[in-house]
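Peer 1: Below is one structure. I have some questions about it.
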Amino acid sequence: MYQPLRLEKLADKVITSAHTMMNIAIYTSPFICMYIYKRGFSVIEENKYALVRFFGGIGCLLALSYVIRGLGRFYNQKYVDFVKALKSPMTDKGSYLEGIRKYDFEFYAWPTTFIMPPKSSPPLLQKNPFTNCANSDRPLYQRLPIQVLAFIATHAFGLRLIYPGSLGVISNLFWNPLFQGRTQLVEQFNGQRTKLKTADGNTIDTMFVDHRNQSTKGKYLVVCCEGNSGFYEIGIMATPMKAGYSALGWNHPGFAGSTGLPYPSQEQNAIDAVMQYAINELNFQPENVVMFGWSIGGYSATWAAINYPVKALVLDATFDDLLPLAQNVMPSSWSLLVKEVVRSYVDLNIVEMLKKYTGPVHLVRRTEDEVICLIPGVTSTNRGNYLVMSLIEHRHPFEDSENEAAWKKALHSHVENLEAKRPFVDSGDLTIYDIRAMTLISKYMSDYQSTHCVPLPAEHFESVMNFINTSKYNNQAKL
């Protein structure tokens with residue numbers, strides 16, 4: 001932990017506080033503008049000199065704070081040593097990275113050591129934001145205003161409501177836990193922090209923990225994809241690490257040190273860079289990589305699984321499609337706008353991607369989930385149920401069309417039951433459809449008694465991996 005000198009510490013607090021206040025002002029600007037509009041613009045005219053003095057004073061205070069902080073760092077030997085290590089020539093990449101990994105500093109200054117080939121994209125003025133339309137059945141006079149509102153809402157606040165971790169305020173609030181998490185990963189597990197540059201120019205913060213020399217399971221790399229407020233420093237990396245696997249965590253675009261915003265295209269480019277880094281830099285073969293996605297992280301994990309021949313896909317507390325969840329929490333009168341926002345800009349339709357994946361997959365359902373259930377805590381409304389049912393219906397279509405309705409009824413009935421209750425079903429009342437449904441549900445889904453955000457125990461993850469690795473997984477449900 002860097003210990004600044006007294007004046008530097010004071011100046012740092014002023015700068016940090018100003019930055020936080022600016023973020024709050026930006027995100028509350030609609031309410032501020034509404035207040036000014038209601039009071040009339042004359043309120044600005046009446047107080048213009050006071051406002052000039054206020055903002056001028058803040059500017060002078062900030063300028064003085066930057067000067068004091070610079071002088072404090074100049075006379076702090078530890079900071080001078082850090083700058084020498086950071087600015088030293090990278091003649092030996094390994095030695096250079098080993099030197100700077102002793103320090104934790106603002107990630108924008110971290111050197112980029114893995115770069116993806118850039119992708120060409122059309123100039124901004126040539127992009128038509130209204131190419132996609134989710135309400136094409138509506139007349140033009142209804143459709144156009146919805147498209148305009150959807151564009152404004154998505155870019156102003158919609159994406160940040162879906163991914164709260166992209167808010168600067170959240171990163172500032174979690175600064176200390178994130179620092180402590182990185183410290184633990186580096187000091188206790190010899191974690192290797194690396195900056196990747198994606199094909200669209202974003203930089204992604206990653207952390208790799210290598211267990212290849214410590215465990216037989218260490219030859220498998222678990223790539224961890226976090227939730228909408230998750231960071232690798234305090235996220236799901238701990239689960240595979242405790243189970244003995246090598247782990248690679250990364251932060252979504254716009255989260256903490258990563259740049260950009262978590263739009264689907266940027267998410268895809270980010271996980272693509274992570275996978276290329278794992279294969280080409282860390283030397284893991286794709287067939288030894290396991291994708292592990294929690295909650296909304298199931299989107300990027302599934303995208304990687306259908307684009308790389310990975311060993312398996314494990315989804316924890318993941319939903320089928322963002323749209324039903326978004327419409328459930330928004331006013332019903334906004335349903336057309338919500339549909340336009342999701343389908344045109346943030347179309348996280350995981351179930352449609354999962355149908356393209358043919359490898360081993362397993363879903364962990366939280367029995368008391370309050371986030372992806374339409375009714376919090378009610379298992380029958382868990383959107384993970386629909387993910388599993390769609391997967392089973394796609395992979396195991398019922399050949400007898402006459403009895404397909406009975407088969408789907410049995411599948412829908414049993415997927416709502418908790419895993420612990422299935423062994424107690426009276427076998428005398430079971431039809432062949434019931435047996436088939438229960439067998440396939442057990443293959444693709446297991447329950448864990450907890451709410452949405454409780455970390456998955458290493459023991460449960462290990463049991464899922466053991467089941468996937470057994471011949472029982474491949475031979476099960478051949479009815």
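Peer 1: For the condition open to solvent by less than 80 Å² (accessible area, probe 1.4 Å), at pLDDT 90 or above and either of a type in the set (Val, Ile, Thr) or over 26 Å from Trp175 (Cβ atoms) (or both), what is the one hit in Ile36, Ile15?
Peer 2: Values: Ile36 fails: at pLDDT 90 or above.
Just one listed residue meets the conditions, Ile15.
Peer 1: Inside segment 107-133, can you point out the residues that are of a type in the set (S, T, N, Q), modelled with pLDDT under 90 and surrounded by fewer than 14 Cβ atoms within 10 Å (Cβ to Cβ)? Before the answer, list the steps.
Peer 2: Here is the first cut: in segment 107-133, the residues of a type in the set (S, T, N, Q) are 112-113, 120-121, 126, 128, 131-132.
Right, trim to modelled with pLDDT under 90 and you get 120-121, 126, 128, 131-132.
Scanning segment 107-133 gives Ser120, Ser121, Gln126, Asn128, Thr131.
Peer 1: Let me ask another. Would you mind telling me which numbered condition in (1) open to solvent by 10 Å² or more (accessible area, probe 1.4 Å); (2) assigned to a helix (DSSP H, G or I); (3) free of Cβ contacts under 8 Å to residues at least 40 places away in the same chain Asn385 fails?
Peer 2: (1)
Peer 1: Which condition number does Arg160 fail, the rest of (1) over 35 Å from the mean Cα position of the chain (by Cα); (2) open to solvent by less than 60 Å² (accessible area, probe 1.4 Å); (3) not hydrophobic (A, V, I, L, M, F, W, C) being met?
Peer 2: Unmet condition: (1).
Peer 1: Looking at this structure, is Asp369 among the acidic types (Asp, Glu), open to solvent by less than 10 Å² (accessible area, probe 1.4 Å) and either over 26 Å from Leu248 (Cβ atoms) or at pLDDT 95 or above (or both)?
Peer 2: Numbers: among the acidic types (Asp, Glu): yes; open to solvent by less than 10 Å² (accessible area, probe 1.4 Å): yes; either over 26 Å from Leu248 (Cβ atoms) or at pLDDT 95 or above (or both): yes.
Yes: the conditions hold for Asp369.
Peer 1: Sort out which residues of segment 4-39 are basic (Lys, Arg) and either out of contact with any Gly (no Cβ under 9 Å at 6 or more places or on another chain) or over 30 Å from Tyr75 (Cβ atoms) (or both), and write them in order of number. Quick ask: steps written out before the conclusion?
Peer 2: As a first pass, look at segment 4-39 and keep what is basic (Lys, Arg): 6, 9, 13, 38-39.
Within segment 4-39, Lys13, Lys38, Arg39 qualify.
Peer 1: Something else now. Identify, from the list Ser166, Ser171, Ser88, the residue that is open to solvent by less than 80 Å² (accessible area, probe 1.4 Å) and over 21 Å from the mean Cα position of the chain (by Cα).
Peer 2: Working: Ser166 fails: over 21 Å from the mean Cα position of the chain (by Cα); Ser171 fails: over 21 Å from the mean Cα position of the chain (by Cα).
Exactly one of Ser166, Ser171, Ser88 is open to solvent by less than 80 Å² (accessible area, probe 1.4 Å) and over 21 Å from the mean Cα position of the chain (by Cα), namely Ser88.
Peer 1: Look at segment 211-270 and say how many of its residues are closer than 17 Å to Ala301 by Cβ, outside any loop (DSSP other than H, G, I, E, B), under 13 Å from the mean Cα position of the chain (by Cα) and of a type in the set (Val, Ile, Thr).
Peer 2: Of the residues in that region, 1 qualify.
Peer 1: Suppose the filter is open to solvent by 50 Å² or more (accessible area, probe 1.4 Å) and either touching a residue at least 60 places away in the same chain (Cβ under 8 Å) or under 24 Å from Thr358 (Cβ atoms) (or both); does Glu399 pass it? Please lay out each step first, then the result.
Peer 2: Details: open to solvent by 50 Å² or more (accessible area, probe 1.4 Å): yes; either touching a residue at least 60 places away in the same chain (Cβ under 8 Å) or under 24 Å from Thr358 (Cβ atoms) (or both): yes.
For Glu399, the condition - open to solvent by 50 Å² or more (accessible area, probe 1.4 Å) and either touching a residue at least 60 places away in the same chain (Cβ under 8 Å) or under 24 Å from Thr358 (Cβ atoms) (or both) - is met.
Peer 1: Out of the residues in segment 275-290 that are outside any loop (DSSP other than H, G, I, E, B) and of a type outside the set (A, V, I, L, M, F, W, C), state the one that is surrounded by the most Cβ atoms within 10 Å (Cβ to Cβ). Even if it seems obvious, please write down each step before you answer.
Peer 2: Restricting attention to segment 275-290, the residues satisfying the condition of being outside any loop (DSSP other than H, G, I, E, B) are 275-280, 286-290.
Filter again for of a type outside the set (A, V, I, L, M, F, W, C), leaving 276-277, 280, 286-288.
On the way: Gln276: 18, Tyr277: 23, Asn280: 10, Pro286: 15, Glu287: 12, Asn288: 15.
Only one residue fits best here, namely Tyr277.
Peer 1: Out of everything in segment 192-210 that is outside any strand (DSSP E or B) and not small (Gly, Ala, Ser), what residue ends up being farthest from the chain's Cα centre (by Cα)?
Peer 2: Restricting attention to segment 192-210, the residues satisfying the condition of being outside any strand (DSSP E or B) are 198-202, 210.
Checking which are not small (Gly, Ala, Ser) leaves us with 198, 200, 202, 210.
Working: Thr198: 16, Asp200: 18, Asn202: 15, Asp210: 22 Å.
Ranking the candidates gives Asp210 first.
Peer 1: Where residues in segment 134-169 are modelled with pLDDT of 90 or more and among the β-branched types (Val, Ile, Thr), which of them is nearest to Glu340 (Cα to Cα)?
Peer 2: So, considering only residues that are modelled with pLDDT of 90 or more and among the β-branched types (Val, Ile, Thr), the one nearest to Glu340 (Cα to Cα) is Ile146.
Peer 1: Give the residue, chosen from Tyr79, Tyr66, that is open to solvent by 60 Å² or more (accessible area, probe 1.4 Å), within 26 Å of Glu8 (Cα to Cα) and either under 35 Å from the mean Cα position of the chain (by Cα) or charged (D, E, K, R) (or both). Break it down stepwise before answering.
Peer 2: Details: Tyr79 fails: open to solvent by 60 Å² or more (accessible area, probe 1.4 Å).
Answer to the check: Tyr66.
Peer 1: Also, quick follow-up: Hey, does segment 127-149 have a residue that's within 19 Å of the chain's Cα centre (by Cα) and either acidic (Asp, Glu) or closer than 18 Å to Gln266 by Cβ (or both)?
Peer 2: no
Peer 1: Now, a different point. Residue pairs, Cβ under 6 Å, 6 or more apart or interchain, first in segment 318-337 and without any contact (Cβ under 8 Å) to a residue 60 or more places away in the chain and among the polar types (S, T, N, Q), second part of a helix (DSSP H, G or I) and open to solvent by less than 20 Å² (accessible area, probe 1.4 Å). List them.
Peer 2: That search, which allows pairs on different chains as well, returns Gln327/Val338.
Peer 1: Is it the case that segment 197-212 has a residue that's under 19 Å from Ala312 (Cβ atoms) and not aliphatic (A, V, I, L, M)?
Peer 2: So far as segment 197-212 goes, yes, one or more of its residues are under 19 Å from Ala312 (Cβ atoms) and not aliphatic (A, V, I, L, M).
Peer 1: Can you tell me which of (1) of a type outside the set (Phe, Trp, Tyr); (2) open to solvent by 30 Å² or more (accessible area, probe 1.4 Å); (3) free of Cβ contacts under 8 Å to residues at least 24 places away in the same chain is the one Asp104 doesn't meet?
Peer 2: (3)
Peer 1: How many of the residues in segment 174-192 are open to solvent by less than 30 Å² (accessible area, probe 1.4 Å) and in contact with a Leu (Cβ under 8 Å, 6 or more places away or on another chain)?
Peer 2: Adding up the residues that qualify gives 1.
Peer 1: Regarding segment 29-40, can at least one residue be identified that is small (Gly, Ala, Ser) and not in a helix (DSSP H, G or I)?
Peer 2: Among the residues of segment 29-40, at least one is small (Gly, Ala, Ser) and not in a helix (DSSP H, G or I), which makes the answer yes.
Peer 1: Here is a follow-up. Can you tell me which residue among Ser463, Ser442, Ser446, Ser413 is at pLDDT 95 or above, part of a helix (DSSP H, G or I) and either over 30 Å from Leu221 (Cβ atoms) or not acidic (Asp, Glu) (or both)? Reasoning before the result, please.
Peer 2: On the way: Ser442 fails: at pLDDT 95 or above; Ser446 fails: part of a helix (DSSP H, G or I); Ser413 fails: at pLDDT 95 or above.
Only one candidate qualifies: Ser463.
Peer 1: Oh, and also: Could you grab me the full set of residues in segment 196-214 that are open to solvent by 10 Å² or more (accessible area, probe 1.4 Å) and charged (D, E, K, R)?
Peer 2: Of everything in segment 196-214, those that are open to solvent by 10 Å² or more (accessible area, probe 1.4 Å) and charged (D, E, K, R) turn out to be Lys197, Asp200, Asp210, Arg212.
The values are calculated or read from the model by the stated rules, or taken from the named source; none is laboratory data. Note that the structure is predicted; figures quoted are calculated from it, not measured. Every residue, glycine as well, gets a Cβ built from its backbone with ideal geometry; the counts of neighbours run over all protein chains shown. Please note that ligands, DNA and RNA were not included when accessible areas were found on the heavy atoms of the full protein model with its side chains. Shrake-Rupley method; radii C 1.70, N 1.55, O 1.52, S 1.80 Å.
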